[in-house]
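See structure below.
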C-alpha cells in the first residue's frame, strides 16, 4: 500500500519495473458482479425482436418462468468466482434474454480474449435448449464459433441434427437434458471445450502456425471489443483490458511471427491499451518494424478516437 497526496492509501499493481496505481476504473472493475439482473435488455440484443415474455410477473405464474428463475439462482451462486471468467446479465422486462461474456482460458490462443454471447430462452424451454448468438466481429477464429454467430455445441443441437450426426458415425456426445441441463452447463462447455487447446482431436492445434493464426484473430477481436463494447459491459471491457494488457502483450510477443501484419497488430494493441489507460510504452522498443504503419492504420480505422470516447464516458 502507498499514501497519495491526500494522505489516503492507494493499492498498487506491479508489472515488472512498471508500477501503476489501481485507479477508480480498476476498483469498479474488481467490484463488478458475476451475475446481475438489470431492468431492460439492450436494443441491439440479437433476440430482442423474438416473441417473448415481457411481464416479469410471469416468473411467478408459469413453469417456463419458474425454470428461468432457477437459472438465475444457479448463475448467481455457481458461476466461477476467483477469478471471474464468466459474467452474465439478465433483464427484468425480458426474462427470456441474457447476455454473457467469457474470458479466454490461460495457456490457449484465446487467452484474455473476450467472447460475448446473446442468449434467448424459447417458450418451450427447457424442453429445447436456449438459443445463442456469438458476437464474432466477422472473425473466423474457431470452427465451432461461426462468423455468422452460430455456436456449434452438442448441448445446443436439436434432436433432428443429432440423428443426422449419429447416422454418419459421430461419437456419442453430451446432449441437452430438459431435467438436468442448464445455461450454466452451456457456458462452461463453451469455455472448457470450444475455447481450449486440448480437444478430443489434438491435431487441430498441433500446428504452431494454427496457434499463431488463432492468437492473432483473438487479438483483432480485442481491438473491436475496445472500439465498441457490447452494451452493459462497457466497464467490464475497459477494466479487463486495463488489468490484463501487459500479460496480453507479453504472450503476443512470445508467440508472434515476424510478418508485417503481426507486427502492425502488436502496435495497434499497444496504442489501444495506452488509450484505455495502461502504460505500455516500455513494450515499444522491442519491435520497430511496422510501427508507423500500425499507428497510421489505427488512426484510419478510428480505434483510438472511439476507445478514448468510450473510456471518457465511463469515468466522467
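Numbers at a glance
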item: Leading residue by the ranking (farthest from residue 30 (Cα to Cα)) among those in region 278-295 that are at pLDDT 85 or above and buried (at least 19 other Cβ atoms within 10 Å of the Cβ); result: 280
item: Some residue of region 104-120 being closer than 25 Å to residue 49 by Cα, modelled with pLDDT under 95 and touching a helix residue (DSSP H, G or I) at 6+ places or on another chain (Cβ under 7 Å); result: no
item: Of the criteria (1) in a strand (DSSP E or B); (2) at positive phi, which one residue 107 fails; result: (1)
item: Restricting region 238-256 to residues that are surrounded by fewer than 19 Cβ atoms within 10 Å (Cβ to Cβ) and in contact with a helix residue (DSSP H, G or I) (Cβ under 6 Å, 6 or more places away or on another chain), the residue that is modelled with the lowest pLDDT; result: 256
item: Single condition residue 235 does not satisfy, out of (1) more than 25 Å from residue 147 (Cα to Cα); (2) in contact with a strand residue (DSSP E or B) (Cβ under 9 Å, 6 or more places away or on another chain); (3) at pLDDT 80 or above; (4) in a helix (DSSP H, G or I); result: (2)
item: Enumeration of residues in region 35-83 that are closer than 25 Å to residue 180 by Cβ, in a loop (DSSP other than H, G, I, E, B) and at pLDDT 90 or above; result: 47, 79, 80
item: Checklist (1) at pLDDT 95 or above; (2) over 23 Å from the mean Cα position of the chain (by Cα) applied to residue 183, failing item; result: (2)
item: Residue count, region 251-284 (criterion: more than 19 Å from residue 237 (Cα to Cα) and touching a strand residue (DSSP E or B) at 6+ places or on another chain (Cβ under 7 Å)); result: 1
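The values are calculated or read from the model by the stated rules, or taken from the named source; none is laboratory data. Quantities reported herein were computed from a predicted structural model and do not represent experimental measurements. Glycine gets a Cβ as well: all are built from the backbone with ideal geometry, and neighbour counts include every protein chain shown.
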